[in-house]
Amino acid sequence: MNRKFFVLSLSLFFCCFSLCMQAEEKSELQQRAEAAGKGSVAARSLYIRAYEDYVRKGQVKEGVDCGVQAAASYYKQNEYKEAFDLLRNIDQSIASARLNESARAALRYQTTKERMAMYVRMKRSATALEQLNTMERYANASKDEAVKNDYLYNKAIYYYTFGMNTQGNAAFKEMSSKLTATKEYDKIDEAYQALIASARRSGSASMVAESYSTYLAWKDSVNAQKKADELGALKKQIADNETIIAEKDSSLGTRQMIIIGLCVLIAGLVAALVVGALILLRFILLTRKQKNVIKLANDSNALKAKFISNISAQLEPTLKKLDSRQPEVQALLDFCQHIQTLSNLENTPESEVEQEDTPIQQFCEEITEQIRGKMKDGVALKVDIPKMTAPINKEYVSHILLHLLNNAIEYTPDGGSIYLDFKKRGPHKHQFIVSDTGCGIPEERREDIFKPFLEIKDLAKGDGLGLPICKQMALKMKGDLEIDPQFTKGTRFVLNLFT
C-alpha cells in the first residue's frame, strides 16, 4: 500500500519535470477535450478527433500530445487493447511525418512511455523493463535534457512500483542532482514538497522520515550555495564599482566617502547573511518542520531585499552632500534611487494600482511633447493613436513609455524612424507599442534585458535598471512588457495591459 502511495506522489509532481513545450494556440477540439475533464468518454473522443485533425494538418507534435491523452484515458478504464491500437496508429503517423531524428525520437519517447505505464499498471515487470530500456534509447536520441530528466523520473517510478527502492532512490537522486547542478532549485523544491506531503498521507513514518531527512540535507546544501553565490556577486560588483570610482573621480575626499559607504555596505550585508544563516540553521535544527523552514526562507529573502533598500536610502543623504555636478556622484545618486524604486516594486507585488479612464490620444500627445526636443535631426517620430478612452495607471504607463522612447532616440540613427502605436486586442486587453529602426537587440540578450544586476556597467553611462523597473511596473498593473521577436527591422517593445 505504501508503495502505491509513493508512486502516486511521484505522479503528482510529474509536471515539475515534463518536457518544455513552446506555447502555441490550441485547436478548438483540444480546448473542448480539456474542458470536458480528464478521464471522461467525451474528452477521450474529442482528443482522438483533435489528434486526427492535427495529423491531417501536418502538426504531428500537437497531434501526438492529444493522442497519448486519449490512450491514457483508455487504459485507465482497463481498455488496454484500444490503448495499444491507438498508440500503434500514433507511431505510424510519426514514422510518416517529415521530422528530423531528434524530433522523431522525442515523439516516439512519448508513446513508449505510455506503453511502459500500461505494463506497470498490469504488473508485468519484464515487459515494462523492455519499454523502459527503449525509452532510454529515445531519450538519448532526442538530445533534449528535459526528456532525459523525464526518463529518470519514469525509471524511479518503475523501481518503486516493483519494490526495488534502492534503485528507485538512485534514479531520483540522479534526477535531483542534475537539476540542482543547473540551479533549477524551484523544481526540485516543489518535487520534494509533494513527495513529503504524499508520504505523510500514506501513514508511513519511515517514508516520512527518510524523505524529509533527504529534503533537509538538500535544502541546507542549496541555501549555502545560494548565499555563497550572492556574496561572491556582491563582492565582484563592489570591487568593480571601486575601480570605476578610482578611474573617474579625481577628488580624494569624495572617493574616500564612497569607499567607506561601500565598506559599510559589505560589512552589513555579510553580517546580515551570517545572521540569517545562523537563524535559519537554528530554526531547522529546532523545528524540523517543512512549513516553518519554507516560511523562514521567504522571510529571510524579504529582509535581505529590505536591507539592501535601506542601505541605499542611508547612502543617499551622504552622497547628496558631495558635488552632484560630478557625473560619477550623480550616477551613484541615480543608482541609489533606482535600487529603492525596484525594491519597492518587488516587495509589493500584490498591492493594487489605481486606474482611471484616460483619453489615450491626448495622453500620448503629452508624452511625445516631452521627448520632441531630444529628437535627432533626420529621425522621424510617427504616432498612430485612435481616439478612444481606456483605464490605465497614468504614472506607470507614462514612466514606461518615456523610458522606451528615450532609448529609441538614443539608438536610432539619422534617417531612421520611431513609432508609438496603441492597439485594442479585445474587450479586456490593449497594447502600447514602441518601435524603432535602430540596430536592434541581439537575440541572445533579449531574455536578460529585464533582469537587474546581470552585467557590470559604468554607472556614468547607465546602471541597467531602467528596463527591469519598467517590467516590474507592467507586472504590478497585472500586465507585461516584452520584446516582439517577430520584428526584425530594429526593436519593438509591447506593453500589454488588461482590464
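The values are calculated or read from the model by the stated rules, or taken from the named source; none is laboratory data. None of these values were measured; they are calculated from a predicted model. Counting neighbours? That spans all protein chains shown, and the Cβs are built from the backbone with ideal geometry, glycine included. Surface accessibility is based on the protein's heavy atoms, side chains included, excluding ligands, DNA and RNA. Shrake-Rupley method; radii C 1.70, N 1.55, O 1.52, S 1.80 Å.
Can you work out the FRET efficiency for the pair Phe162 and Gln225, with r the C-beta to C-beta distance and R0 = 25 Å, to the nearest 0.05? Walk me through the numbers on the way to the answer.
Values: r = 35 Å, r/R0 = 1.40.
Efficiency computed from Cβ-Cβ geometry: 0.10.
Starting from 0.36 nm per residue, how many nanometres of slack lie between Gln77 and Gln256 once their C-alpha separation is accounted for? Spell out each step's value before the answer.
Values: separation 179, 0.36 × 179 = 64.44 nm, distance 7.55 nm.
Roughly 56.9 nm would be gained on extension.
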Packing-wise, with mean Cβ within 10 Å as the measure, how do 42-49, 134-141, 151-158, 264-271 rank, highest first?
-> 151-158, 42-49, 134-141, 264-271
Quick calc, the stretch 364-499, dipole around Cα centre from Cβ unit charges on Lys, Arg (+) and Asp, Glu (-), nearest 20 debye, gives 500 debye
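How high is the FRET efficiency from Arg425 to Thr348, r the C-beta distance, R0 30 Å, rounded to 0.05? Let's see the in-between values first.
Values: r = 28 Å, r/R0 = 0.92.
The computed FRET efficiency comes out at 0.65.
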Multiply the residue separation of Thr243 and Arg124 by 0.36 nm, subtract the distance between their alpha-carbon atoms, and state the gained length in nm to one decimal.
-> 36.2 nm
Give the peptides 165-175, 228-238, 50-60 in descending order of average Cβ contacts within 10 Å, highest first.
-> 50-60, 165-175, 228-238
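Please get the size of the charge dipole for the stretch 362-405, origin at its Cα centre, with Cβ charges of +1 on Lys and Arg and -1 on Asp and Glu, quoted in debye to the nearest 20. Please list the in-between numbers first.
On the way: 6 positive and 6 negative charges, 19 e Å.
Value, rounded to 20: 100 debye.
By average Cβ neighbour count within 10 Å, what is the ranking of 79-89, 472-482, 384-394 from highest down? It would help to have the intermediate numbers written out before the result.
On the way: 79-89: 16.4, 472-482: 18.9, 384-394: 14.7.
Per-residue Cβ counts within 10 Å, averaged per peptide and sorted highest first, yield 472-482, 79-89, 384-394.
Once Rh for the stretch 336-470 is found with the Kirkwood sum over Cα pairs, what is the Stokes-Einstein diffusion coefficient at 37 °C and 0.692 mPa s, in µm²/s? Let's see the in-between values first.
Working: Rh = 16.6 Å.
Taking Rh from Cα pairs, D becomes 197 µm²/s.
Working out 0.36 nm times the residue gap between Lys26 and Ser177, then minus their Cα-Cα distance, what length gain in nm do you get to one decimal? Kindly include the intermediate steps, with their values, before the conclusion.
Values: separation 151, 0.36 × 151 = 54.36 nm, distance 3.44 nm.
Length difference between fully extended and current span is 50.9 nm.
Of the listed pairs Lys374/Lys423; Lys183/Lys424; Lys76/Lys155; Lys81/Lys148, which have alpha-carbon separations greater than 32 Å here?
Lys183/Lys424
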Going 7 Å from the Cα of Glu365 toward and past its Cβ, which residues in the stretch 372-393 have a backbone nitrogen under 15 Å from where you end up?
-> 383-389
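Might you tell me the accessible area per residue for the stretch 17-130, computed with a 1.4 Å probe and given in Å²? Don't skip to the end; give the middle numbers.
Details: 6210 Å² over 114 residues.
Per-residue accessible area for the stretch 17-130 comes out at 54 Å².
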Gyration tensor on Cα atoms of the stretch 28-115, a ≥ b ≥ c root eigenvalues, a/c under 1.5 rounded, else prolate if a/b beats b/c, else oblate, says oblate
